[in-house]
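The values are calculated or read from the model by the stated rules, or taken from the named source; none is laboratory data. In this text, all values refer to a predicted model and were calculated from it rather than measured experimentally. Cβ coordinates were reconstructed from backbone atoms using ideal geometry, including for glycine residues, and neighbour counts include every protein chain displayed. Surface accessibility is based on the protein's heavy atoms, side chains included, excluding ligands, DNA and RNA. Shrake-Rupley method; radii C 1.70, N 1.55, O 1.52, S 1.80 Å.
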Amino acid sequence: MHPRARPEIAAIHPYTPGVAQLPGANRVIKLSSNEGAFGPPPGVAEAIAALATRHHRYPDSDAVALRAAIGARFGLDPARIVCGAGSDDLLFLLCHIYGGKLADGASSELIMTAHGFSIYEIAGRLAGCRVVKAPERALTTDVDAILAAVTPATRLVFIANPNNPTGTFLPAGEAQRLRQRLPPDVLLVLDAAYAEYVDRPDYDPGTALVDSGGENTVMTRTFSKMFGIGGLRLGWAYGPAEMVANLNRVRGPFNVSLVAHDAGLAALAAPGWIEQSRRHNATERARLTRALDDLGIPVTPSETNFILADFGSAAGAEAADAHLRGRGLIVRRVAGYGLPAHLRITIGTTEECDLVAGALGDFAAARA
Ligand SMILES: *Cc1c(COP(=O)(O)O)cnc(C)c1O
């Protein structure tokens, strides 16, 4: 006899992180985890160094200074912000708080999109939810399909906007329509991990919906993508007061480390970081998209710092991936997301994008 995990645990597929190493390659370029093209913002290294003799102290449990800085940077009330060890931390907690079993013992339901971010499924199943995947239209969230999937057992709807791994986004009007048509007791989680990259007038990362809504909408954000400190684990949620209170009841009291806290402050303070990163990303994303288009490799229109490229078949994607690896270029297979014929490629520096385009040019030429 030994302790047995609840039966739903064995059915969970562990998260597959982006590959980080290629044995034998002398230069590796990692374009597999959307970590931002420029590394950590200036000031972060100094902020971390300044903590070198203070690691024995617990961090501020309430992350007061960091929440104030996030609030100031994004025009939000710090009292309605909760920080986490990455936004994943908060996504898991939302499932535990609002999902799980219903009063009659049946599983509640969590709805996500067909190619939604895989953490939602892991977190939902851990909490005891039944996870339902709503079909998409052209790799884009389909509001009507989500609404059609709603049952009396539905408690949570997760949308990544823009979505990973598809790169597509849901316009503000559609997100608003979804919120209006969902039952008021269903929590809508808007995961805006790539919000900083979006430059469209018809986009709301979730702030407007949280502000206009009742008690039923929350937005999550991260420091892991444009802010370039994924290794330190820092994310945050913005929601209504009662939800914030619930998250504060159950989160780890020291879920944001001393280092993550001060690095987050420094990242937010770096002048022009968002604007510069967004401009670079838009330019290079358009250039790489065009280069792949010219090679006959279709790319899904992206609002993020990655592109989803279609190699026509699983064998094609596998061969392209092998070819890229041969040049030290690591991108992301997304077969686990039900996209075996695609590769997800992070927008890196100008040189890195050129290397990807060059390698795929040779790949296409060799197969022509
Ligand atoms: C990268 C990513 C996150 C961020 O996760 P962290 O835990 O904050 O590093 C969340 N959602 C999506 C869709 C992502 O791609």
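Structure values in brief
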item: Residue match in segment 161-177 (condition: in the same structural domain as A237 (by TED's automatic domain parsing), away from the ligand (no atom under 15 Å from the Cβ), surrounded by 23 or more Cβ atoms within 10 Å (Cβ to Cβ) and more than 19 Å from the chain's Cα centre (by Cα)); result: no
item: Residue check for A20: surrounded by fewer than 11 Cβ atoms within 10 Å (Cβ to Cβ) and at pLDDT below 95; result: yes
item: Matching residues, segment 225-239, being assigned to a loop (DSSP other than H, G, I, E, B) and farther than 18 Å from F74 by Cα; result: I229, R233
item: Unmet criterion (only one of (1) within 14 Å of the ligand (Cβ to nearest atom); (2) assigned by TED's automatic domain parsing to the domain that holds D262; (3) open to solvent by 70 Å² or more (accessible area, probe 1.4 Å)) for E35; result: (2)
item: Residue within segment 86-97 that is away from the ligand (no atom under 16 Å from the Cβ), open to solvent by 10 Å² or more (accessible area, probe 1.4 Å) and over 24 Å from P183 (Cβ atoms) present; result: no
item: Qualifying residues in segment 111-121 (those that are farther than 19 Å from G235 by Cβ and out of contact with any Pro (no Cβ under 7 Å at 6 or more places or on another chain)) - the one nearest to the ligand (Cβ to nearest atom); result: T113
item: Where a residue in segment 273-296 is over 13 Å from I307 (Cβ atoms) and its partner, wherever it lies, is assigned to a helix (DSSP H, G or I) and open to solvent by 40 Å² or more (accessible area, probe 1.4 Å), with Cβ under 8 Å and at least six apart; result: H280/T350
item: Checking V189 against (1) outside any loop (DSSP other than H, G, I, E, B); (2) away from the ligand (no atom under 11 Å from the Cβ); (3) of a type outside the set (S, T, N, Q), the condition it does not meet; result: (2)
item: Residue count, segment 21-48 (criterion: farther than 27 Å from L265 by Cα and within 24 Å of the chain's Cα centre (by Cα)); result: 3
item: Some residue of segment 221-230 being closer than 28 Å to A175 by Cβ and either open to solvent by 40 Å² or more (accessible area, probe 1.4 Å) or in the same structural domain as V356 (by TED's automatic domain parsing) (or both); result: no
item: Selected residue (criterion: surrounded by the most Cβ atoms within 10 Å (Cβ to Cβ)) from residues of segment 240-256 that are assigned to a loop (DSSP other than H, G, I, E, B) and within 16 Å of the ligand (Cβ to nearest atom); result: V256
item: Condition met for T217 (crowded, with 24+ Cβ neighbours inside 10 Å and more than 16 Å from the ligand (Cβ to nearest atom)); result: yes
item: Residue check for S313: polar (S, T, N, Q) and within 16 Å of the ligand (Cβ to nearest atom); result: no
item: Residues satisfying the stated conditions in segment 109-122, i.e. touching a Gly at 6+ places or on another chain (Cβ under 8 Å) and either more than 30 Å from A138 (Cα to Cα) or surrounded by 20 or more Cβ atoms within 10 Å (Cβ to Cβ) (or both); result: L110, M112, H115
item: Hits in segment 257-307 (condition: in a helix (DSSP H, G or I), charged (D, E, K, R) and buried (at least 17 other Cβ atoms within 10 Å of the Cβ)); result: D262, E284, R285
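Here's the yes/no breakdown for (1) surrounded by fewer than 17 Cβ atoms within 10 Å (Cβ to Cβ); (2) of a type in the set (A, V, I, L, M, F, W, C); (3) modelled with pLDDT of 95 or more:
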| position | (1), (2), (3) |
| --- | --- |
| H2 | yes, no, no |
| A47 | no, yes, yes |
| H55 | yes, no, no |
| V64 | yes, yes, yes |
